[in-house]
Amino acid sequence: MRLLTHNMLSCNIKGVKNGYPLRLEAEKWTEKEVDFNAKFLRGIFPKIDWPALVGSARSFGFNDLLPDEAPDSSLLASDDDLLRRFHHALLEIHVEEGGLVCPETGRRFPINKGIPNLLLHEDEV
Amino acid sequence: MDHTFDANSLNPDMIDKKRSNKLASSKMLSNIAQIRLVSNHPEVYEPCDDSFALVDALLADRTNLLNMQPRFCMEVGSGSGYVIASLAIMLHQGCSGAQYFATDINPHAAETTAATLEAHGVHAEIICTDLASGLGKRLAGMVDVIVVNPPYVPTPDDEVGCKGITSSWAGGENGRKVIDRILPVVHSLLSEKGWLYMVTLTANNPSQICSMMREMGYASRIVVQRSTEEESLHIIKFWREHTEKGSGSSWLSQFPLLSFWRSSGAKESGI
């Protein structure tokens, strides 16, 4: 699971209002090189929840990879280094084993073999 | 199921050859996933005629897909991973920035999809979930291409949602129980320019599905129609008609322009 996906997942338990972002618990993770595509990155940037991305990158110890505050989108057009760091955080960190924890209920969704499992129990639907 | 036995008893290369003959004229085999590289599990639906028809529909529309330059593509219910791997392979050249998502309610299917993708050297983010549950809030209006080979086989309603391979085909009354749940989810996920490709069976009443989608603002077209020994399949493509207000180039907004053109044309011609 890439951090892009973490950025797009919310707790799906019925009645939960503040189910985002899920807290990432990474027990095993890897970095894999992914083709760099500036057009995709600039296009997706406005759709990314920046604090959630920064928070998830920090959970791997990447404390200085991204600025705390979301940069202005014009900076992404000119600052190649920033764009590459955004690329690395979004697409090149893969969580293999771990979990996603709902901030409201504390429910933990497991991640096994890189696949988050959001299946709900009968009393959660 | 019979085809499970058939698929296992044939040499995978033979199936690829069979596929290759079907597609001999298009010479596009290298653009899709190879059966011999598709992973399998006793509780996961293997690629069959419906999967092949869906991939053929995507191949037939490949030029349009490349022109569209999708950012996010998603398969709901990816099973073996044959379809999403094929989509990722056929768009790899010319659409390199696209990101793929695949979901399945069956954990074995999610893992099988992962193995199939890896065997082909392509990537999709896989989420084990019911339809797109958990993705709906953040991905709403962002997915450009959705492909679905739903559980469409008419069965008693209580077989719907059973665990394992049953979830891949049991469709309840008229095979519509899951399809009817998928349509609003797709409607919410699709971007303004988004397209849905879905497999339907004649017993599902595809024309009624199309009119349900029309009410949500979608036009539709049959991309592939195929009759097998067991079933008659339609692969239907849906897209937003842009007739709703708020869409700049809407069909309705062309009316004033059209009447202006008509009246000025009438003047010039002296009528």
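The values are calculated or read from the model by the stated rules, or taken from the named source; none is laboratory data. Fair warning: this is a prediction, and the values are worked out from it, not measured in the lab. So basically every Cβ, Gly included, is an ideal-geometry build from the backbone, and we count neighbours across all protein chains shown. The area values use the complete protein model at the heavy-atom level, side chains included, leaving out ligands, DNA and RNA. Shrake-Rupley method; radii C 1.70, N 1.55, O 1.52, S 1.80 Å.
Would you tally the residues in the stretch A:68-125 being touching a residue at least 12 places away in the same chain (Cβ under 8 Å) and among the polar types (S, T, N, Q)?
Counting residues in the stretch A:68-125 that are touching a residue at least 12 places away in the same chain (Cβ under 8 Å) and among the polar types (S, T, N, Q) gives 3.
Output the residues belonging to the stretch B:44-83 that are modelled with pLDDT under 95 and in contact with a Lys or Arg (Cβ under 8 Å, 6 or more places away or on another chain).
Listed by number, the list holds a single entry, B:ASP49.
Determine whether the stretch B:82-89 contains at least one residue that is without any contact (Cβ under 8 Å) to a residue 40 or more places away in the chain, more than 8 Å from chain A (Cβ to nearest Cβ) and on the phi < 0 side of the Ramachandran plot. Can you show your working first?
To start, the set of residues in the stretch B:82-89 that are without any contact (Cβ under 8 Å) to a residue 40 or more places away in the chain comprises B:88.
Narrowing the set further to residues that are more than 8 Å from chain A (Cβ to nearest Cβ) leaves B:88.
Adding the requirement that they be on the phi < 0 side of the Ramachandran plot leaves B:88.
Looking through the stretch B:82-89, at least one residue is without any contact (Cβ under 8 Å) to a residue 40 or more places away in the chain, more than 8 Å from chain A (Cβ to nearest Cβ) and on the phi < 0 side of the Ramachandran plot.
For the stretch A:84-100, which positions are among the aliphatic types (A, V, I, L, M) and away from every other protein chain (no Cβ under 13 Å)? Steps first, please.
To start, the set of residues in the stretch A:84-100 that are among the aliphatic types (A, V, I, L, M) comprises A:89-91, A:93, A:95, A:100.
Answer for the stretch A:84-100, where residues must be among the aliphatic types (A, V, I, L, M) and away from every other protein chain (no Cβ under 13 Å): just A:ALA89.
For B:MET90, all conditions in the list (1) open to solvent by 10 Å² or more (accessible area, probe 1.4 Å); (2) in contact with a Lys or Arg (Cβ under 7 Å, 6 or more places away or on another chain) hold save one; what is the number of the exception?
Here B:MET90 meets the rest and fails (1).
If you check A:LYS39, A:LYS28, A:LYS47, which single one turns out to be within 13 Å of chain B (Cβ to nearest Cβ), out of contact with any helix residue (DSSP H, G or I) (no Cβ under 9 Å at 6 or more places or on another chain) and among the basic types (Lys, Arg)? Talk me through it step by step, then tell me what you get.
Working: A:LYS28 fails: within 13 Å of chain B (Cβ to nearest Cβ); A:LYS47 fails: out of contact with any helix residue (DSSP H, G or I) (no Cβ under 9 Å at 6 or more places or on another chain).
Criteria check complete, one pass: A:LYS39.
Could you tell me how many of the residues in the stretch B:96-120 are out of contact with any Pro (no Cβ under 7 Å at 6 or more places or on another chain), at pLDDT 95 or above, within 19 Å of B:ASN31 (Cα to Cα) and assigned to a loop (DSSP other than H, G, I, E, B)?
Selection size over the stretch B:96-120: 1.
Taking the residues in the stretch B:128-155 that are touching a Phe, Trp or Tyr at 6+ places or on another chain (Cβ under 7 Å) and β-branched (Val, Ile, Thr) as candidates, determine which candidate is farthest from the other protein chains (Cβ to nearest Cβ).
B:VAL153
Somewhere in the stretch A:6-14, is a residue more than 8 Å from every other protein chain (Cβ to nearest Cβ) and open to solvent by 10 Å² or more (accessible area, probe 1.4 Å)?
Checking the stretch A:6-14: at least one residue is more than 8 Å from every other protein chain (Cβ to nearest Cβ) and open to solvent by 10 Å² or more (accessible area, probe 1.4 Å).
Only one of (1) under 20 Å from A:PRO110 (Cβ atoms); (2) free of Cβ contacts under 8 Å to residues at least 12 places away in the same chain fails for B:ILE126. Which number is that?
Unmet for B:ILE126, out of (1) under 20 Å from A:PRO110 (Cβ atoms); (2) free of Cβ contacts under 8 Å to residues at least 12 places away in the same chain: (2).
Looking only at residues that are of a type in the set (A, V, I, L, M), in contact with a helix residue (DSSP H, G or I) (Cβ under 7 Å, 6 or more places away or on another chain) and within 10 Å of chain A (Cβ to nearest Cβ) in the stretch B:102-122, which one is least open to solvent (accessible area, probe 1.4 Å)?
Out of the qualifying residues, it is B:ALA102.
Can you report the number of residues in the stretch B:183-214 which are under 30 Å from A:LEU9 (Cβ atoms) and free of Cβ contacts under 8 Å to residues at least 40 places away in the same chain?
Matching residues across the stretch B:183-214 total 6.
In the stretch B:65-79, is there at least one residue being open to solvent by 50 Å² or more (accessible area, probe 1.4 Å), assigned to a helix (DSSP H, G or I) and not acidic (Asp, Glu)? Steps first, please.
From the stretch B:65-79, those open to solvent by 50 Å² or more (accessible area, probe 1.4 Å) are B:67, B:69, B:71; that's our starting set.
This time we only want the ones that are assigned to a helix (DSSP H, G or I), so: B:67.
Retained after the next criterion (residues that are not acidic (Asp, Glu)): B:67.
For the stretch B:65-79, residues open to solvent by 50 Å² or more (accessible area, probe 1.4 Å), assigned to a helix (DSSP H, G or I) and not acidic (Asp, Glu): present.
Can you tell me which residues in the stretch A:101-125 are facing chain B (nearest Cβ under 9 Å) and modelled with pLDDT of 95 or more?
Matches in the stretch A:101-125: A:PHE109, A:ASN112, A:LYS113, A:GLY114, A:ILE115, A:PRO116, A:ASN117, A:LEU118, A:LEU119, A:LEU120.
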